[in-house]
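Some notes on the structure that comes next.
The values are calculated or read from the model by the stated rules, or taken from the named source; none is laboratory data. All figures in this text were calculated on a predicted structure; none of them were measured in a lab. Note that we place each Cβ from the backbone using ideal geometry, even for glycine, and neighbour counts take in every protein chain shown. Side chains are part of the model used for accessible areas, which takes the heavy atoms of the whole protein and leaves out ligands, DNA and RNA. Shrake-Rupley method; radii C 1.70, N 1.55, O 1.52, S 1.80 Å.
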Amino acid sequence: MSKIVIDGKEIDVPAEYTLLQACEAAGAEVPRFCFHERLSIAGNCRMCLVEVKGGPPKPTASCAMAVKDLRPGPKGEPPVVETNSPMARKARQATMEFLLINHPLDCPICDQGGECDLQDQAMAYGVDSSRFHENKRAVANKYLGALVKTEMNRCIQCTRCIRFVTEVAGVSELGATGRGEDMEITSYLEEALTSELQGNIVDLCPVGALTSKPTQFHARPWEYSKTESIDVMDALGSAIRVDARGREVVRILPRLNEAVNEEWISDKTRHIVDGLKVQRIDRPYVRVGGKLKPATWAEAFAAIASKAKATAPEKLGAIVGDLATVEEMFALKGLIDKLGSSNIDCRQDGSKLHPKFGRASYLFNSTIAGIDEADAIMVIGSNSRLEAPVLNARIRKRWLTGSCLTGVLGEKADLTWNYNYLGAGPESLARFAEHPPADKQKPMFILGAGAFARPDGEAVLALAAKAAASLGVVRDGWNGFNVLHTAASRVGGLDLGLVPGQGGLEALEMAKGGVDLLFNLGADEIDIAPGAFVVYIGTHGDRGAHRADVILPGAAYTEKTGIYVNTEGRPQFADRAVFPLGEAREDWAILRALSERLGAKLPYDSLTGLRAALAVAYPHLVKYDVVTPADASGLTGLTAGGVASGEAFASPVRDFYLTNPIARASRVMAECSALASRRLAAAAE
C-alpha cells in the first residue's frame, strides 16, 4: 500500500492503482470518457486531468499514471494530488471546448439524450459559447449490423468500442483509420459485427455515436419505469434491468453483478424485447373439430377436467419448459403428485442429469467467479460462445492472463480464445479417466449439454466424474466439476426433483405417446407425437401451442415475479416489469385454479403462501443470491449406467439467436440469425 494525499485527504491505496482509481477511493469525482475499469488504458480523451504537486508543471492524465510512479516530497512526504484546483478545472474546460468543436449538438434528436456522459460533463465543465467558428467535420455513418446504429458525427474517439470488441468480446472487427481530424472508427470492410456481445458497446459509448438500432426514437430515459430482473435466455442468470413505457417493455440493460455477468449481457438478452409483443397467446383456446377455437377459462378447464377424469394416473404426465420459474414448477409438481402420477420431467432435451447423483453432478460447482481462479480449464461437449456468451468472455479474460491452460473436448469452434484440441467424443474423454493428477492447483471441467443430453449421457457423466477424480479437478477445498446448462429452469427443476418417479416416464418417452394426457408447461423445443391430449401453458404461438388441444395463456418472464436458479445453483429473484397481456395469468395461478377443478386442490391461495410452502420443503431455494455448496462426495461414487458410444460431442445450440419461443418471435433475432447464416454460408464457399 502507498500513502497519497488527494484534495487534502491522506489515504492508503495499492501502488498499482491509477491516480483516477485513487481519487475515486478518496471520494473525489474525476470526469472521464475513455477510461473504463474493465478495458485497457488508452489515455485518449484527456478529460481526467488532475494537478500533481511537485510533478510536471502541467496537468496529468490521472487514468494513465499509477500511484507508484509519483515521487514523494523532499522530506519523504506522500505525493499530493489536487482534483479541483484552478489548473485542473481550466484544463478540463479546455478539453471540453475542444470536444465540442466538432460535436453536432443534436441532443434533442439523440437517443443518448438524458443519459449521456458528454451532456453531464458539459454541464460541469462547458461554457456557453465557443471561440471556434470553423465548419464542423462530417463523418459518414458506418454499417455495423442489425443491432448497433451509428451517428459518427458525434464520435469523440474514446475507442471504448474498439477495446471492448478486441479485448472482451475477442472479435477484432472494429478499428480506427486516419489521424487527427481524419480519424474514423469503422468495422473491417464495413461488415456487420459477428460478436454475440456487440450490444454492450452501446452502453460503453459515452456519447450518442453508437445507439441501439431496434429501439431508436422509442422514448426518453426519464419516461421508463425501471425494474430489476434476471435474464432467462441462458442458464447464467445475468442481472438485468427491464425498462418499460406504459405496458410495453422497450429495452433491457445489464446490471452490475460481479459474481455472475460483471456488467455485460448477450445480444439475445438485450434485444428479444420485440418478441415479447408478437405471436402472443392472450386468451384460452380449445381444439374443436381439429381447429383451435377461442374459449373462456371455464370452458378450457372443463375440457381438461373431462379428459383427466377419463385418464388413469399412470397415463398422465407433465413436461416443463426452459423458461419456467421455481414457483410454477413447484405448483406443477404438487398437482401431478396429487393426481397420482410419477410422469414428470424438466429435461425436455433428453438430459441424463438426475438428482439421485447428488447436486454436485449438475451444478457449476466452482461458481462462475471461480473461473477467475482456475489455472486449467477443459470444456467438454459445449460451445460456450453460443451457450453462454458472457461466461465465454469470462473464460477469455482468464485466458488472457497467460496463467491458465485451456482445452476443448468436442466440436471445434471459434470460442474467441485459443485452446488445445483434445478430441471429439467419449473415447477422448476416457483417456483422462486413468490420467495422473494434473500439475495444477485449481483445474476445472466445464461439461456442456452436448455431453449429457444424449442417450449415453449417464455413461459420459460417470466418465467425466472419473476423469475429474483422476486429474484432481475435485479435491479438498476445490470442486472444479462444472455443468453448464442451457435452460434457465433446469437447475431449479432438478432441485425440486422434477424427474420421473418410480416407474415414471421421461420427457422423450411421454412425447412419443407414452401418456394420454400431457401437461406442457412452456416446453417448445420438443416434438409431441399425435395421440395424447395436450394442455399447453405458455406465452407464444410456437411448437407447443401448435400441438396443443387446450391452450392456457401464461405470463412471460417480464410479466411475473419469480425465482430462477442459475447454473451454479444461485437462487435469484426476478421482479415483474409489466402485467400479462389480455386474459393471460401467471402460471402458478393457472395451475392453482386448475387443481381445484381437477379435484386436487393445491394448499395455497397466494404467491406468498406458495413461497412459504416452498421455503419449508426446499429452504435453500429462498436464500436469494446465495450459492449453497453441494457435497462433492457423490461424484466419486458415480458409476456408468451403460457404455458411452463413439459419437462425437455436439453442442445443442446451432443458432444462437433462435433458442426459445420469445427469440423465435423476434424480428430482430430473425435478422441476426439471417446475417449469421449468410456468414456461415460465405465461409463454407
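Some notes on this structure:
- Reachable lysines, given that their alpha-carbon falls under 19 Å from the alpha-carbon of residue 601 and they are not under 8 places away in the same chain: 307, 309, 333, 338
- Note on segment 266-314: the alpha carbon radius of gyration divided by the globular reference 2.2 N^0.38 Å gives 1.74.
- For segment 146-203, the Kirkwood radius over C-alpha pairs fed into Stokes-Einstein at 20 °C and 1.002 mPa s yields D = 182 µm² per second.
- Entry note, the chain: the mean residue ellipticity at 222 nm calculated from DSSP H runs of n ≥ 4, each adding -39500 (n - 2.57), is -7000 deg cm²/dmol after division by the residues and rounding to the nearest 500.
- The Rg/Rh ratio of segment 16-126, with both radii computed over alpha carbons and Rh defined as the Kirkwood radius, is 1.02.
- Derived value for segment 453-545: Kirkwood hydrodynamic radius 16.0 Å. Basis is the mean of 1/r over every pair of different alpha-carbon atoms.
- Of the cross-linked pairs 412/512; 412/466; 90/213, those separated by over 26 Å at the C-alpha level are 412/512; 90/213.
- DSSP beta bridges fully contained in the chain are about 55 percent antiparallel.
- Kirkwood-type hydrodynamic radius, segment 613-652: 14.4 Å, calculated from all non-identical alpha-carbon pairs.
- Helix axis angle, 389-400 relative to the chain longest principal axis, alpha carbon, degrees: 50 degrees
- Segment 401-538: antiparallel DSSP beta bridges as a percent of all, rounded to 5: 15 percent
- Projecting the Cα positions of 323, 292, 235 onto the charge dipole of segment 212-344 (unit charges on Cβ atoms of Lys, Arg, Asp and Glu, taken about the Cα centre) puts 292 furthest along the positive direction.
- Qualifying trypsin sites (Lys or Arg not before Pro) for segment 374-414 [loop in DSSP, other Cβ within 10 Å: at most 13]: 412
- As a ratio to 2.2 N^0.38 Å, the alpha-carbon radius of gyration for segment 354-482 is 0.96.
- Highest mean packing comes first when the peptides 67-78, 236-247, 3-14 are listed by Cβ atoms within 10 Å, giving 236-247, 3-14, 67-78.
- Each Lys and Arg adds +1 at its Cβ and each Asp and Glu adds -1 at its Cβ; summed about the Cα centre, the chain shows a dipole of about 520 debye.
- Rg to Rh, two decimals, where segment 510-638 supplies the alpha carbon set and Rh follows Kirkwood: 1.02
- Across the chain, the mean sequence separation of Cα contacts (distance under 8 Å, 6 or more residues apart), normalised by length, yields a relative contact order of 14 percent.
- Computed over segment 206-350, Kirkwood Rh from alpha-carbon pairs, angstrom: 19.0 Å
- Cα gyration tensor category, rounded, prolate or oblate, for segment 569-685 with a/c compared to 1.5: oblate
- Folded to 0 to 90 degrees: helix 86-101 orientation relative to the chain principal axis, Cα: 70 degrees
- Solvent-accessible area of residue 616 with every protein chain in place, 1.4 Å probe, in Å² to the nearest 10: 120 Å²
- Per-residue accessible area (protein heavy atoms, 1.4 Å probe) orders 431, 287 as 431, 287, starting from the largest.
- Rounded to the nearest 10 degrees, the angle from helix 607-617 to the longest Cα principal axis of the chain is 80 degrees.
- Segments 129-137, 309-317, 655-663 sorted - mean Cβ within 10 Å per residue, highest first: 655-663, 309-317, 129-137
- When nucleic acids and ligands are ignored and a 1.4 Å probe is applied, residue 172 ends up with an accessible area of around 90 Å².
- Candidate aspartates and glutamates - alpha carbon under 16 Å from residue 560, same-chain residues fewer than 8 apart omitted: 228, 231, 243, 248, 282, 322, 327, 328, 575, 583, 586, 587
- Computed with the Debye formula from one identical point scatterer per Cα of the chain, without solvent, the log10 of I(q)/I(0) at q = 0.10, 0.11 Å⁻¹ comes to -1.01, -1.16.
- Sparse-neighbourhood loop sites, chymotrypsin sites (Phe, Trp or Tyr not before Pro) in segment 166-267 - DSSP loop, at most 15 other Cβ within 10 angstrom: 217
- Cβ crowding within 10 Å averaged over residues, with 268-275, 319-326 ranked highest first: 319-326, 268-275
- Cys with no candidate disulfide partner in the chain (beta-carbon separation under 4.7 Å rule): 23, 48, 63, 107, 110, 116, 155, 161, 205, 346, 404, 672
- Counting only residues at least eight positions apart within a chain, or on another chain, the lysines with an alpha carbon under 17 Å from that of residue 3 are 53, 68, 75.
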